[in-house]
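Novice: Quick one: the structure is below, and I'll ask about it shortly.
The values are calculated or read from the model by the stated rules, or taken from the named source; none is laboratory data. Values in this document were obtained by computation on a predicted structure and should not be read as measured data. Here the Cβ positions follow ideal geometry from the backbone for every residue, glycine too, while neighbour counts run over all protein chains shown. In case anyone asks, the SASA skips ligands and DNA or RNA and just uses the protein heavy atoms, side chains included. Shrake-Rupley method; radii C 1.70, N 1.55, O 1.52, S 1.80 Å.
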Amino acid sequence: MNIPKHVAIIMDGNGRWAKMRGLPRPMGHRAGIRTVKKIIKCASEIGINILTLYAFSTENWARPKGEIKTLMTLLKQFIKKEAVALKKNNVKVNVLGEISPIPARAEVEKLIEETKENTGLLLNIALNYGARQEIIRAVNKIIAEGIKNVDEETFADYLYTKGMSDPELLIRTSGEMRISNFLLWQIAYSEIYVTKTLWPDFEKKDLLEAISDYNKRERRFGGI
């Protein structure tokens, strides 16, 4: 099986998973964290080089304050519980997004620092991330530096994903057919795989099924 070097995932369906079981939404997010841990482990085992997870968008601040607080608490708990395992398993953690408003900023920055020399899976966590905002940020930096002639390679150097290959495969769980302001520049030629499986139910077999489907695609990049 041809394993894509970079897989990006829009993790969707935690709330619906909880609702279907008569549980409060926070329980869905807790279940989603368990899936995150399993998929990180699986991605590392099967040879994915870069795994990018959409954890919290710039639009998510519009959610109820209680839910936001739960998400931030879960982020802190995830870092506290998984930091040792991530370091042990040679996972390098990186963040896409503006993390200054994130309550767990100190913990996130510490984890990035502690894993920066790791050479295994590169785990990108998209936190307070929006693709339109990322593009505007890049444009403003280019203007500020007085660069006049900009090609695609130059522009890419001003994105959060500088130096990384673009995702070959974008997976969205829960069946929703939209991109949700995620990696708009980087997924120009990504293969998109949508599954109705809700994120808390997403398993190793589901990831492998997505990769198997990816292997059936013919990537022509606009050619014949």
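Novice: Would you say residue 182 is in contact with a Phe, Trp or Tyr (Cβ under 6 Å, 6 or more places away or on another chain), touching a residue at least 24 places away in the same chain (Cβ under 8 Å) and either among the hydrophobic types (A, V, I, L, M, F, W, C) or over 25 Å from residue 2 (Cβ atoms) (or both)?
Specialist: On the way: in contact with a Phe, Trp or Tyr (Cβ under 6 Å, 6 or more places away or on another chain): yes; touching a residue at least 24 places away in the same chain (Cβ under 8 Å): yes; either among the hydrophobic types (A, V, I, L, M, F, W, C) or over 25 Å from residue 2 (Cβ atoms) (or both): yes.
Answer is yes for this residue.
Novice: Among the residues of the range 45-58, is there at least one that is small (Gly, Ala, Ser), closer than 27 Å to residue 16 by Cα and surrounded by fewer than 18 Cβ atoms within 10 Å (Cβ to Cβ)?
Specialist: Step one: of the range 45-58, the residues small (Gly, Ala, Ser) are 47, 55, 57.
Filter once more, keeping what is closer than 27 Å to residue 16 by Cα: 55, 57.
Next cut, surrounded by fewer than 18 Cβ atoms within 10 Å (Cβ to Cβ) only: none.
No, there is no match, as no residue in the range 45-58 is small (Gly, Ala, Ser), closer than 27 Å to residue 16 by Cα and surrounded by fewer than 18 Cβ atoms within 10 Å (Cβ to Cβ).
Novice: Related question: Restricting to the range 86-101, name every residue that is in a loop (DSSP other than H, G, I, E, B) and touching a strand residue (DSSP E or B) at 6+ places or on another chain (Cβ under 9 Å). So that I can check it myself, show each step before the final result.
Specialist: Our first condition is that a residue be in a loop (DSSP other than H, G, I, E, B); within the range 86-101, this holds for 89-91, 97-101.
Hits for the range 86-101 are 91, 97, 98, 99, 100, 101.
Novice: Looking at residue 61 and the list (1) part of a helix (DSSP H, G or I); (2) under 17 Å from the mean Cα position of the chain (by Cα), which single condition is not satisfied?
Specialist: Of the numbered conditions (1) part of a helix (DSSP H, G or I); (2) under 17 Å from the mean Cα position of the chain (by Cα), the odd one out for residue 61 is (2).
Novice: Among the listed residues 61, 17, which satisfies the condition of being open to solvent by 40 Å² or more (accessible area, probe 1.4 Å) and among the aromatic types (Phe, Trp, Tyr)?
Specialist: Working: 17 fails: open to solvent by 40 Å² or more (accessible area, probe 1.4 Å).
Checking each option against the conditions leaves just 61.
Novice: Please find, within the range 1-14, the residue that is nearest to the chain's Cα centre (by Cα) out of those that are more than 18 Å from residue 75 (Cβ to Cβ) and open to solvent by 10 Å² or more (accessible area, probe 1.4 Å).
Specialist: Of all residues in the range 1-14, those more than 18 Å from residue 75 (Cβ to Cβ) come to 1-8, 13.
Restricting the remaining residues to those that are open to solvent by 10 Å² or more (accessible area, probe 1.4 Å) gives 1-3, 5.
Working: 1: 23, 2: 21, 3: 18, 5: 14 Å.
The selected residue is 5.
Novice: Look through 45, 107, 113, 82 and report the one residue that is within 23 Å of residue 163 (Cβ to Cβ) and free of Cβ contacts under 8 Å to residues at least 60 places away in the same chain. Show your work before the answer.
Specialist: Values: 45 fails: within 23 Å of residue 163 (Cβ to Cβ); 107 fails: within 23 Å of residue 163 (Cβ to Cβ); 82 fails: within 23 Å of residue 163 (Cβ to Cβ).
Checking each option against the conditions leaves just 113.
Novice: Within the range 20-37, take every residue that is open to solvent by 30 Å² or more (accessible area, probe 1.4 Å) and touching a Leu at 6+ places or on another chain (Cβ under 9 Å) and give me the one that is nearest to residue 66 (Cα to Cα).
Specialist: Kept after step one, since they are open to solvent by 30 Å² or more (accessible area, probe 1.4 Å), are these residues of the range 20-37: 20-27, 30, 33-34, 37.
From what is left, the residues that are touching a Leu at 6+ places or on another chain (Cβ under 9 Å) are 20, 26, 30, 33.
Working: 20: 20, 26: 9, 30: 14, 33: 18 Å.
Among those that are open to solvent by 30 Å² or more (accessible area, probe 1.4 Å) and touching a Leu at 6+ places or on another chain (Cβ under 9 Å), it is 26.
Novice: Looking only at the range 13-56, count how many residues are touching a strand residue (DSSP E or B) at 6+ places or on another chain (Cβ under 6 Å) and outside any helix (DSSP H, G or I).
Specialist: Residues flagged as touching a strand residue (DSSP E or B) at 6+ places or on another chain (Cβ under 6 Å) and outside any helix (DSSP H, G or I) within the range 13-56 amount to 8.
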